[in-house]
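The structure under discussion appears below in the form of structure tokens.
The values are calculated or read from the model by the stated rules, or taken from the named source; none is laboratory data. Nothing here was measured: the structure is a model prediction, and the numbers come from that model. Here the Cβ is made from the backbone with ideal geometry for all residues, glycine too, and neighbour counts use every protein chain on show.
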Amino acid sequence: YRAKENKDSFQFYASEMNASIEEKLVLLEGLRGALEACVDPACQDPAACQFQLLYQPKVDLRSGRLFGVEALIRWQHPEQGLISPLRFIGLAEESGLVVPLGDWVLRTACAQAQAWHAAGLPPLTVSVNVSARQFEDKRLVERVAGALRDSGLAPAALELEVTESAIMRDLARSVETMRELEAMGVSLSIDDFGTGYSSLSALKSFPISRLKIDKSFVRDLAHNPDDQAIAMAVISLGHKLDLRVIAEGVETEQQRDFLRANDCDEMQGYLFSRPVPPGQIAALLAR
Ligand code: C2E
Ligand code: MG
Ligand code: MG
Ligand code: MG
């Protein structure tokens, strides 16, 4: 009876697996369709676009000043409601759709930042996440230049967030790409720092301006001595390499106080604000 039981459970898992593959395919088709509608130049209706960008403030820990925002994508699915990037960026990455999708993000974020600037808001840096596949794309530098040119945004107002793992896939080429972006005046930051495995000698050669402490180290920062040690080490490493250090996922005053007391430069997290639609940024700046 063991064999039968195993066979049944195998069938059970196989059908579960089929369901999830089918679910993935359906999501992928939806992604493809939604993307086509967004990038179609003939489509003049922004409401037809199922993707939207929210913007999360980044604040200076010493002055409390809001100096920048990170663009974070959301997908308003017609049947499934709001879908988190954690559910579709991986799929977009595997299928290659992340390249045109990322291009839309880049263009939309640059246009938004330029619109804030034109409306007379204080200067803001907009940060855009770039996934591994986008970062490897031979035309990335060209795409960034295009988004800047078409929006009229100053290159210094754009930052790209890249993870260590994306950079380490092809280190030599990555450094070359980063140098070209730097030469263009765009800045770079390492996202989720501490969760990848870039060697310290490699880090030294990156033309970056910021390290972003991953939120997994921030979560228990008030109580966990290991996380405290890691955060302090990243801050001191960053400063010795002449980089600014930002902490993500800051939710409590205790976390903020620890970071400030330990000389972290900037923070981002629900404590100050959740990611918000672009229309709410002016009010947050005034706060
Ligand atoms: P990330 O770049 O590390 O972004 C930080 C994530 O932490 C965001 O999740 C943000 O909403 C969330 N977060 C911010 N503050 C807090 C906090 O105080 N507590 C907690 N628990 N979380 C906080 P989100 O928006 O769901 O994005 C998840 C990931 O999806 C991002 O991680 C990024 O890797 C990816 N992603 C988002 N938008 C884009 C995009 O436009 N392009 C690409 N390639 N990836 C994106
Ligand atoms: Mg990020
Ligand atoms: Mg991050
Ligand atoms: Mg993260």
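From the set of residues in region 244-275 that are out of contact with any Asp or Glu (no Cβ under 9 Å at 6 or more places or on another chain) and within 19 Å of GLU161 (Cα to Cα), which is surrounded by the fewest Cβ atoms within 10 Å (Cβ to Cβ)? That would be ARG274. Can you confirm whether VAL105 is within 16 Å of ligand 3 (Cβ to nearest atom) and among the hydrophobic types (A, V, I, L, M, F, W, C)? The answer is yes for VAL105. VAL126 falls short on exactly one of the conditions (1) out of contact with any Cys (no Cβ under 8 Å at 6 or more places or on another chain); (2) assigned to a strand (DSSP E or B); (3) among the β-branched types (Val, Ile, Thr), and that condition is (1). Inside region 238-287, can you point out the residues that are over 22 Å from the mean Cα position of the chain (by Cα), part of a loop (DSSP other than H, G, I, E, B) and acidic (Asp, Glu)? If the condition is that a residue be over 22 Å from the mean Cα position of the chain (by Cα), part of a loop (DSSP other than H, G, I, E, B) and acidic (Asp, Glu), then ASP242, ASP263 are the ones that fit. Is it the case, given these coordinates, that THR195 is within 16 Å of ligand 4 (Cβ to nearest atom), surrounded by fewer than 21 Cβ atoms within 10 Å (Cβ to Cβ) and either over 18 Å from SER165 (Cβ atoms) or at pLDDT below 95 (or both)? For THR195, the condition - within 16 Å of ligand 4 (Cβ to nearest atom), surrounded by fewer than 21 Cβ atoms within 10 Å (Cβ to Cβ) and either over 18 Å from SER165 (Cβ atoms) or at pLDDT below 95 (or both) - is met.
For GLU176, the conditions (1) more than 13 Å from ligand 2 (Cβ to nearest atom); (2) under 18 Å from the mean Cα position of the chain (by Cα) all hold with the exception of (2). If the condition is being surrounded by 15 or more Cβ atoms within 10 Å (Cβ to Cβ), modelled with pLDDT of 95 or more, more than 18 Å from the chain's Cα centre (by Cα) and not in a loop (DSSP other than H, G, I, E, B), then region 198-236 contributes ASP227, GLN228, ILE230, ALA231, MET232, VAL234, ILE235. For region 56-87, which residues satisfy the criterion of being more than 21 Å from GLU248 (Cα to Cα) and among the polar types (S, T, N, Q)? GLN76, GLN80, listed by residue number.
In the set (1) over 19 Å from the mean Cα position of the chain (by Cα); (2) crowded, with 18+ Cβ neighbours inside 10 Å, the condition left unmet by VAL162 is number (1). Quick one: is MET267 of a type in the set (A, V, I, L, M, F, W, C) and within 16 Å of ligand 3 (Cβ to nearest atom)? For MET267, the condition - of a type in the set (A, V, I, L, M, F, W, C) and within 16 Å of ligand 3 (Cβ to nearest atom) - is met.
A quick yes/no check of all residues on (1) free of Cβ contacts under 8 Å to residues at least 12 places away in the same chain; (2) out of contact with any strand residue (DSSP E or B) (no Cβ under 8 Å at 6 or more places or on another chain); (3) under 24 Å from SER174 (Cβ atoms); (4) of a type in the set (S, T, N, Q):
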{"site": "SER201", "(1), (2), (3), (4)": "yes, yes, yes, yes"}
{"site": "ILE208", "(1), (2), (3), (4)": "no, no, yes, no"}
{"site": "MET232", "(1), (2), (3), (4)": "no, yes, no, no"}
{"site": "HIS239", "(1), (2), (3), (4)": "no, no, yes, no"}
{"site": "ARG256", "(1), (2), (3), (4)": "no, no, no, no"}
{"site": "ALA261", "(1), (2), (3), (4)": "yes, yes, no, no"}
{"site": "PHE272", "(1), (2), (3), (4)": "no, no, no, no"}
{"site": "PRO278", "(1), (2), (3), (4)": "no, no, no, no"}
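Apart from one condition, ALA166 fits all of (1) within 14 Å of ligand 1 (Cβ to nearest atom); (2) under 26 Å from ALA286 (Cα atoms); (3) in a helix (DSSP H, G or I); the exception is (2).
Go over the candidates THR195, THR177 one by one and state the one that is among the hydroxyl-bearing types (Ser, Thr, Tyr), in a helix (DSSP H, G or I) and in contact with a helix residue (DSSP H, G or I) (Cβ under 7 Å, 6 or more places away or on another chain).
Going through THR195, THR177 in turn, the sole match is THR177.
Residues in region 138-195 that are of a type in the set (Val, Ile, Thr) and over 18 Å from GLN112 (Cβ atoms): VAL141, VAL162, THR163, ILE167, VAL175, THR177, ILE190, THR195.
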